[in-house]
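Working notes, beginning with the structure itself.
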Amino acid sequence: MFQYIIRRLLIAIPVLFGVTVFSFIIVNLAPGNPVEMFVNPDTTQADIELKKEALGLNDPIYVQYFRWLGNLVQGDFGYSFSTYEPVLNMVSSRIGPTLLLMGTALIVAYLIAIPIGVLSATKQYSWLDYFSTSVSFLGISIPHFFLGLGFIYIFAVQMHSLPTGGMNTLGSDGGFSDTFKHLIMPALVLAAGIAGRMVRYVRSSMLDILGQDYLRTARSKGLREFFVINKHGFRNALIPIITVIGIDVSVLIGGAVVTEQIFQWPGLGQLTIQSIGSRDYPTLMAINFLAAIAVLSSNLLADIFYSVADPRIKYD
C-alpha cells in the first residue's frame, strides 16, 4: 500500500504541472489585463506601461509562468494584483469557510441519499422507488443559482426564518448557532445535486448486488433482511459508490463557486468570482492549484478506501 501511494504521488506531480500550465495559459489569454482595472481619467499611457512593467506583464508568457512556478516551489504564491496582499494570506483565510460549507453539504447529501438509494433498490417499482427517482432527477436538474434564489425568496424574504447570506450576523459574536443558521441554505443548495446523483448510483449499485447468490444463501440461513441488506449487500455495493464520492469533490468545488456568490459566503468560491472580476491572476492561479490538489487527493483516498471496503483488493 505504501509503495502504491508513493507511485500515485509521483504520477500526481506531472499532472499538477500540466494543470498549472493549462490554467496559466487560460488565465493570461483572457481579454484585458489587471492594469485596466485601475485606469482613471488622470492615468496616462506612460503610467499604464510603468504599472504593467512593475507587475511583470510585459514579459513573454513563458517567462511569467516560470517566474510564478519558481516562487511556488518556495511556497510563495505572490501578491494580489487588486489588494496587494500576500495571496497565501488571502487564500488561507477563505479555506476554513469553504471546507465547512463543502463538508456539511457532503455529509447532509450522503445521510439523505444513501438510505433512500438502498430503500429505492429494495422496493423496486414501488411508489417509494418512483418518488425517490423523480426527486433525485429534480435535484440533479435544478441549477444551484435558481435553487439558491428560490430558497432566499421562501425562507428569508417570505418566512423571515433564515438569513439571506453571509457567515455571521453583522455585529454578532459569531457563535455556533448564528453560523449554523447562515449555513443551512447554502449547504442544502450544494447538497441537492450531490444527493440526487448519489441516490441514482446507490440504487443502481444495490440492484446489481441484490440478485447475487450469496444474498439468497444468507436469507436461507435465517438472517434478518436488515442484516442481509446492510451487512452483506451494501458493503459489496460500496466500490462504485466510493468512486462517485471521489468525483463529488470536483463537483463540490464547482458548485461552491456559484453557491458562495449567491449567499455571500466568505469562501474560496466567492474569492474566485472576485478575482475573475478584477483579473487577479496570482489569486486565480493559487485557487486553481489548490483545487487540483483537492481533486487528486480525493481520488487517492478513494483508491485507499477500495481496499478497506473490499479486502480482496490489494495494491502491490
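Quick notes on this structure:
- Atom-type composition of the exposed protein surface of segment 183-269 places 62 percent of the accessible area on carbon and sulfur (1.4 angstrom probe).
- For Tyr79, the amide hydrogen comes within under 5 Å of the amide hydrogens of Val87, counting only partners 5 or more places away or on other chains and with H modelled in the peptide plane.
- Both radii come from the Cα set of the chain: Rg as radius of gyration, Rh as Kirkwood radius; their ratio Rg/Rh reads 1.06.
- With kT/(6 pi eta Rh) evaluated at 10 °C and eta = 1.306 mPa s, and Rh the Kirkwood radius from Cα pairs, segment 1-86 diffuses with a coefficient of 103 µm²/s according to Stokes-Einstein.
- Environment charge at Val202 (Cβ cut-off 15 Å; Lys +1, Arg +1, Asp -1, Glu -1): +2
- Residue-count net charge about Ser136 - beta-carbon cut-off 11 Å; Lys, Arg +1, Asp, Glu -1: +2
- Carbon + sulfur, % of accessible area of segment 78-165 - ligands and nucleic acids excluded, 1.4 Å: 75
- Solvent-accessible surface of the chain, taken per residue with a 1.4 Å probe and all protein chains present: 55 Å².
- Dimensions of segment 1-154 from C-alpha coordinates, computed as largest minus smallest value along each principal axis and given longest first, are 73, 52, 26 Å.
- If the convex hull is drawn through the Cα atoms of segment 167-316, its volume per residue in Å³: 159
- A Förster radius of 51 Å, combined with the Cβ-Cβ distance separating Asn40 from Arg7, puts the computed FRET efficiency at roughly 0.40.
- Quarter the surface of the alpha carbon convex hull of segment 87-197 and you get the mean projected area, 8.8 square nanometres.
- Relative contact order of the chain, pairs being alpha-carbon contacts under 8 Å that are 6 or more residues apart, as %: 27
The values are calculated or read from the model by the stated rules, or taken from the named source; none is laboratory data. Please read these numbers as outputs of a predicted model, since none were measured by experiment. With ideal geometry, Cβ positions are generated from the backbone for all residues, glycine too; neighbour counts draw on all protein chains shown. Quick note on the areas: whole protein, heavy atoms, side chains included, nothing else; ligands and nucleic acids left out. Shrake-Rupley method; radii C 1.70, N 1.55, O 1.52, S 1.80 Å.
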